[in-house]
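Reading through the structure tokens given below for one structure.
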Amino acid sequence: MKRVLILFFTLIMFIFSNEIQITYARFIEAEQVSHYLNMTEGYIRKTEIENWIGSLPLPDESSIKLQVTDKITFVAGDAGITETELSDYTTIIKEISLPTLKDKLKLLPVKKVTITLFTTSESYGQALLGAGIASSDVTTIVKSSGGITLNSSIWIPLYNLEGKDEITNALTHELTHVTLNQAGVASKLPLWLNEGTAWVTGLAAHEVADSFQAKVETVALRESIQNLAEKGELLPLDNTEQSLYYLEAQGFLATDALIKKYGLETFQEFLNQTRNNDVEYSFEQTFKLPLYEYEKSSKRE
């Protein structure tokens, strides 16, 4: 029922007047859409996790595995994953995620990648505890996480995702983090740009799987930032005290704006330059604007 209401009100916003759009901006915080926004927030990668653990341990050796490509392997994190489902997700990776990464970033994973899939909060929680994460943090991650990436390992809690479109988004989002990690770029990018890039690719893949749902999610992101700005609570991109959800939503909009203003090829050149230079240098060389100026200006836009 909630999903139907979301689609209905989003369709109204696209069709009718500015007044209805303003009404939608207020409505977006209501209970009817809270689930969808929680799913959006669920894609957030817990940024402190690298400080908590050194690696994501693999499940038992007896777990079902499926080789997706010569670089990517799927692993069942619990008994709820079937070989048929792994095969379906393999198709997503091959036909949507990897082509999207190549198209948007001109980058692909170059080293081994392991993607472990969980079907229940119990199995996911136990794996997180086994990785050395405190139980108080596990509770939060289990409820809101749509994926965790560390180096070249990905964990995806499927129970937090609804349908092929959200799974496609999450897989592509997390593969983006792996790809940027392996390219030596991720650690150089500010948080908003790292996550913004993953949101750009994730939503692009989402659009291939379900164009309308991707538009719904994009509208939700834009409206959440607009509402925050109207309240005078929007912080500059470089202010990490901003709520992580809003920082990532704002990061997506700022990254998307860079691509639209300067072109996708220019953005790809920026990522390529960052592989061998510090991010401030490559940003200014590519976009002819200091990074700090762009970060500060985002609050005014």
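What to note about this one:
- Tyr159 accessible area, 1.4 Å probe, all protein chains in place, Å² to nearest 10: 70 Å²
- Under conditions of 10 °C and 1.306 mPa s, the range 63-198 yields 105 µm² s⁻¹ as its translational diffusion coefficient, taking Rh as the Kirkwood radius over Cα pairs in the Stokes-Einstein equation.
- Förster radius 30 Å - calculated FRET efficiency between Ser187 and Ser297, Cβ distance, rounded to 0.05: 0.75
- Of Ser211, Ser145, the order by accessible heavy-atom surface (1.4 Å probe, DNA, RNA and ligands excluded), from most exposed downward, is Ser211, Ser145.
- Around the amide H of Thr116, modelled in the peptide plane, lie the amide H atoms of Val75, Ile154, Trp155, Ile156, all under 5 Å away and 5 or more residues distant in sequence or on another chain.
- Remark: spin-label model distance Ala257-Thr82 equals 4.7 nm, labels positioned 7 Å along the Cα→Cβ axis.
- Available extension along the chain between Tyr159 and Lys288 is 42.1 nm, counting 0.36 nm per residue and deducting the alpha carbon span.
- With a Förster radius of 25 Å applied to the C-beta separation of Thr91 and Lys111, the computed FRET efficiency comes to 0.65.
- Solvent accessible area, Å² - Glu83, 1.4 Å probe, full protein context: 130 Å²
- All lysines inside 23 Å of Lys231 as judged from Cα atoms, apart from same-chain residues fewer than 8 positions distant: Lys296, Lys299
- Listed residues Lys71, Lys296, Lys106 arranged by accessible area, highest first, probe 1.4 Å: Lys106, Lys296, Lys71
- Anisotropy class of the range 166-301 from Cα gyration tensor, a/c 1.5 cut: oblate
- Over the range 128-274, relative contact order from alpha-carbon pairs under 8 Å, at least 6 apart, %: 20 percent
The values are calculated or read from the model by the stated rules, or taken from the named source; none is laboratory data. Everything quoted here is computed from the prediction, not taken from an experiment. Neighbour counts run over all protein chains shown; Cβ positions are idealised from the backbone, glycine included. Protein only, heavy atoms only, side chains kept; ligands, DNA and RNA dropped before computing areas. Shrake-Rupley method; radii C 1.70, N 1.55, O 1.52, S 1.80 Å.
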